[in-house]
Every structure is written in structure tokens, then in C-alpha cells.
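Trainee: Quick one: this structure, given as C-alpha cells, is what I'll be asking you about.
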């Protein structure tokens, strides 16, 4: 161990720095006070910074999930796009502004199932929406089974509810309540496949809306 020393300014003899007086002449000797080492402690991240890191991580995960859904499905061909947007235009004509905005600006239409849809098996649907990723899969039945663009507009009206965060029951209730605005009535469409399917699904999810079991009529409360 190294011992520090200091020279007496009076007689010149070297003394240990720990001593208070010179060992030869008795003169008081003062040693320079040792400098204290300052330990720099890194400041902990602020709450705002932590929240930013968490939010950034969540956004990155959501983007990667969306990209995987988009990459594992195929887009609509030009003819299919014309049919879809013809139905969207019909919704606009009937005053469904919020739904039209969602379908035109939020939805990314696909023609085949992504891996998540395949996992969940959407086999009986005309279309399926992945919320909050806003990917709408349009199945072949959408193009083949409806009688006309009004019935396709009804299907898209339903999917628009999911784009805005509604669950299945809420979407079915809203579409059934507003179907008259599109002219989708039992008198004109009661025997169509889309009517029967939608009527059955709605009655299963919201039986309180109906007073009868015949699928070819309305009988809504």
C-alpha cells in the first residue's frame, strides 16, 4: 500500500501526510484534502420514455401482423373490384356515409383467405373482416349468390360495421334495422339465398327482434 507524504514548509523534512505536526520542528503540517471520487449514476428512464418504448413495440407487432395477413392473401382482380365498388357506390347513394368512408379509406380488399382466416375457418361467410387490421376478404359467393348489387351492398354494410369495431351481433342488428333504406325487403328478396342466410344468422344472434320463425318474411318487432 502506498503512503502519501508532505514536505514541511519550515524545516524541509518530509512527513507523512496523515500527521498534523512536523516530526522535527513541531510546525503544523497540513495535507491537501483528498479529492472524493464522484460516482455518476445513470438516470432511470422516465415514465414517458417507457410508455413510448411500449407503444412502439406494440405498433411494430401490429404492423408485422398486418403485413403477414396481407402477404398471405391475394387481391381482387379488376372485374371483382368493379363489382365491389359498385355496391359501395350504392351505399353512398342511400346515405351510409360512415360505412362508405370505412370501406373506401380503411378497408383493404382481398379475394383469398389469409392464414388467420384459414385458422378460424370462415367457410359460410360472404365476406370476412380482420379488425383492427381492416382487411376485408371477399369470397366467391359474394359475386355468385346475391341477386343484385343491393344484396352485395347489404353484405358490405355488414362488413363496414366490423371495420368500425362492432361485434357480430351488433353488425347483424344494425344491418337488419337499416335494410329497408336499401330497399332490401322480404317482398322482393324473401326467397334469395342472401336473405335466408342473413335472416337465420340475425335471428340466432338477436332472437328478440323477431316474432316468427319463417325465414322468408320479416316479422321484425
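Trainee: Among 119, 139, which comes first, then next, by fewest other beta-carbon atoms within 10 Å? Write down the numbers at each step before the final one.
Mentor: Working: 119 9, 139 20.
The most exposed by this proxy come first: 119, 139.
Trainee: Classify region 98-221 as rounded, prolate or oblate from the Cα gyration tensor: take a ≥ b ≥ c as the square roots of its eigenvalues, call it rounded if a/c is under 1.5, otherwise prolate when a/b beats b/c and oblate if not.
Mentor: In terms of gyration-tensor shape, prolate.
Trainee: Sticking with this one: Please report, in whole Å, how far the alpha carbons of region 38-114 spread along each principal axis, starting with the longest.
Mentor: Largest to smallest, the principal-axis extents are 73, 31, 14 Å.
Trainee: Stick to the Cα atoms of region 147-220, pair each with every other, and give me the Kirkwood hydrodynamic radius in Å at one decimal.
Mentor: Values: mean 1/r = 0.0818 Å⁻¹.
Over region 147-220, the inverse of the mean reciprocal pair distance is 12.2 Å.
Trainee: Remind me, relative contact order of region 82-221 in percent, using alpha carbon pairs under 8 angstrom and six or more residues apart? Walk me through the intermediate numbers first.
Mentor: Working: 167 pairs, mean separation 29.4, N = 140.
Result for region 82-221 is 21 percent.
Trainee: I would also like to ask the following. Taking neighbour Cβ counts within 10 Å as the exposure measure, how do 158, 10 sort from fewest upward? Show your work: numbers first, answer last.
Mentor: Values: 158 24, 10 13.
Least to most surrounded, the residues fall as 10, 158.
Bear in mind that the values in this text are calculations on the coordinates, not laboratory data. A quick note: this is a predicted structure, and the numbers were derived from the prediction, not measured. Cβ: placed from backbone, ideal geometry, glycine included. Neighbour counts: every protein chain shown.
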